[in-house]
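Input: a single structure, listed below in structure tokens.
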Amino acid sequence: MFSHRLHDTILSFIGGGNMATALIQGLVRSGLKGSNIRVSEPDSVRSKKLHEEFGVVLEPDNATAARDGHLVVVAVKPGIVPRVLGEMALHLGKETLIVSIAAGVSIDRIRASLPQGQPVIRAMPNTPALVGEGVTVLCPGPDVTGPQMALGEALLGTVGGVRTVGDESLMDGITALSGSGPAYLYLIMEALSDAGVACGLPRDLASWLAVHTVKGSAALVQESGQHPGVLKYQVTSPGGTTIAALQVLEEAGIRGTLMRAVAAAWRRSRELSQ
Ligand SMILES: NC(=O)c1ccc[n+]([C@@H]2O[C@H](COP(=O)([O-])OP(=O)(O)OC[C@H]3O[C@@H](n4cnc5c(N)ncnc54)[C@H](OP(=O)(O)O)[C@@H]3O)[C@@H](O)[C@H]2O)c1
């Protein structure tokens, strides 16, 4: 029987790797009982850890996990999604909701391996989900009801912010911006730390300043509701240090470089989704 309340739902995870662990942690933190969570994961060290840490129930195989869950999260690498769907297909209830977090695997490709009418949501989370600060965009397939969508939002909402799009072709741009985005910011933080060291700061202090400057600046944009350009004006005094640095960044074409980088990830995501 389908319930739209997350806490009344049996959730089965196919794959118990990094993203599944982040979600399980978020679910347990939000009050879901470990006994409501089922995991099918071939790596016995990883599955034992999930059982000991969160009290999840370990399943012997994907077919059993599919049979037991009201909601099944497909959290394996994209290349093996067709195989695991094939193992699950005959064991799913008619209303069992499938949430796939596999990058680049379209709703049509997922539905093609499942019984006709199986509800499927495609999701693109990112790794800050590991600390409850992720962002996820969901896209519902044609057979997903409103209450099922609410359940999908509640699931991903345990590890950060959630938005929904109706147009699946946007998922490539989302992958390029927020899916790959943490790597762009890690690179920037690493470079800022190096820059601090070049100015004579100890590495520890430089890294701490770099990370907290990025974190605090993002929090200020979010909490003030101000446009980033306005906040930039506020720290840019005439003839001062900040404008001297900004001039170098603009001369190096940092805006265009970031735009070209995201466009390259977008094109690559489209190629991989073919
Ligand atoms: N990490 C990200 O930033 C991110 C962001 C958005 C979306 N995603 C998507 O999330 C999915 C999972 O990524 P991840 O980073 O969590 O990968 P991961 O850590 O490698 O987790 C995948 C898990 O699935 C297990 N597995 C392999 N074959 C299986 C099978 N036949 N049945 C059940 N489980 C099986 C793997 O076990 P073994 O290691 O023993 O093979 C592994 O523990 C991917 O499709 C990825 O595209 C990831």
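Derivation of every value follows stated rules applied to the coordinates shown; laboratory data play no part. Quantities reported herein were computed from a predicted structural model and do not represent experimental measurements. With ideal geometry, Cβ positions are generated from the backbone for all residues, glycine too; neighbour counts draw on all protein chains shown.
Before moving on, here are some points about what is shown:
- Temperature 25 °C, viscosity 0.890 mPa s: under these conditions the Stokes-Einstein estimate for the stretch 179-273, based on its Kirkwood radius over C-alpha pairs, is 159 µm² per second.
- Residue (of Leu71, Gly216, Leu156) at the positive-pole extreme of the chain, dipole from beta-carbon charges: Leu71
- Helical mean residue ellipticity (222 nm; -39500 (n - 2.57) per DSSP H run of 4+; nearest 500) of the chain: -15500 deg cm²/dmol
- Mean separation of Cα contacts under 8 Å, 6 or more apart, over the residue count of the chain: relative contact order %: 15 percent
- D (Stokes-Einstein, µm²/s), Kirkwood Cα radius, the stretch 55-157, 1.567 mPa s at 4 °C: 93 µm²/s
- Spatially near lysine pairs across the stretch 6-168, Cα under 22 Å, sequence gap of 8 or more or different chains: 4
- Rounded to the nearest 20 debye, the dipole magnitude of the chain is 120 debye, with +1 charges on Lys and Arg beta carbons, -1 on Asp and Glu beta carbons, and the Cα centre as origin.
- Its Cα centre serving as origin, the stretch 179-273 has a Cβ charge dipole (Lys and Arg +1, Asp and Glu -1) of approximately 320 debye.
- Charged neighbours of Ala210, selected by a Cβ distance under 13 Å, balance to -1 (K, R count +1; D, E count -1).
- Calculated FRET value between Arg260 and Leu58, using beta carbons and R₀ = 45 Å, to 0.05: 0.50
- Scanning the chain for trypsin sites (Lys or Arg not before Pro) that sit in a DSSP loop and have at most 11 other Cβ atoms within 10 Å, the longest stretch containing none of them is 95-274.
- The order of Val73, Val39, going from fewest to most other C-beta atoms within 10 Å of their C-beta, is Val39, Val73.
- Reduced Cα scattering model of the chain, Debye log10 I(q)/I(0), q = 0.14 Å⁻¹: -1.00
- For the chain, with +1 on Lys and Arg beta carbons and -1 on Asp and Glu, the positive-most of Ala22, Ala123, Ser237 along the dipole: Ala123
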